[in-house]
Amino acid sequence: MHPRNAHRIETLFRRWAFVSTRVTKGNAMNEQNQPQQINIELGEKEAEGIYSNLAIITHSPAEFVIDFTRVLPGIPKAKVHARIVMTPQHIKMFLSAIKSNMENYEKKFGEIKLVGDDTGAPIFGFQPPGKEEKVN
C-alpha cells in the first residue's frame, strides 16, 4: 500500500472513530479523553476496493445496515458486494466524516453536480432511464 493511502485511511478513521480513554482508578484527570492511535492494516484484496453505484440503507433501533451493490444496464438483478453494519453513534460520526471530506473535495475540485440538477453539467457513468424510456 502506498504510504499516502495509509495516511488517508488513518485520517478518515480518526475523523469518525474518535477513540478516547476513560478515567479509571489510577488514571490522572488530565489523561481523560486522550486520543488513542490505532494502526489499521489494509489487505491487498481490500486495497483494490469495490465499485458501487447503489447503497441500500436500513436500520433498527440498535444498528444501521448499508448494502453496497452496483446496477448495470441490461442486467435485471443486482448483487450485494459488501454489507457494513454500524451502531447509530458510529453512523453519525461516519456521516460527519463523509460531510467533512466532501466539503474538502468540493473546495479543491469544485461542486459535485448531481444528475437532474439542471446545471447543464456533463453526465458521466451509468445514467438512469429518462421519463419516457421503458425499463425491461
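A full extension of the chain between ASN39 and ILE98 corresponds to an added length of 19.2 nm, given 0.36 nm per residue minus the alpha carbon distance. The chymotrypsin sites (Phe, Trp or Tyr not before Pro) of region 39-72 that DSSP puts in a loop, and whose beta carbon has at most 14 other beta carbons within 10 Å, are TYR51. Computed over the alpha-carbon pairs of region 40-89, the distance histogram in 5 Å steps reads 5, 18, 20, 20, 19, 13, 5, 1 percent, short to long.
Distance between the modelled labels on THR87 and TYR51, one decimal in nanometres: 3.6 nm (7 Å Cα→Cβ projection). For region 38-90, the set of GluC sites (Glu not before Pro) satisfying both a DSSP loop assignment and a count of at most 15 other C-beta atoms within 10 Å is given as GLU41, GLU63.
Bear in mind that the values in this text are calculations on the coordinates, not laboratory data. Keep in mind it's a predicted model, so treat the numbers as computed, not measured. Backbone-built Cβ (ideal geometry, glycine too); neighbour counts: all protein chains shown.
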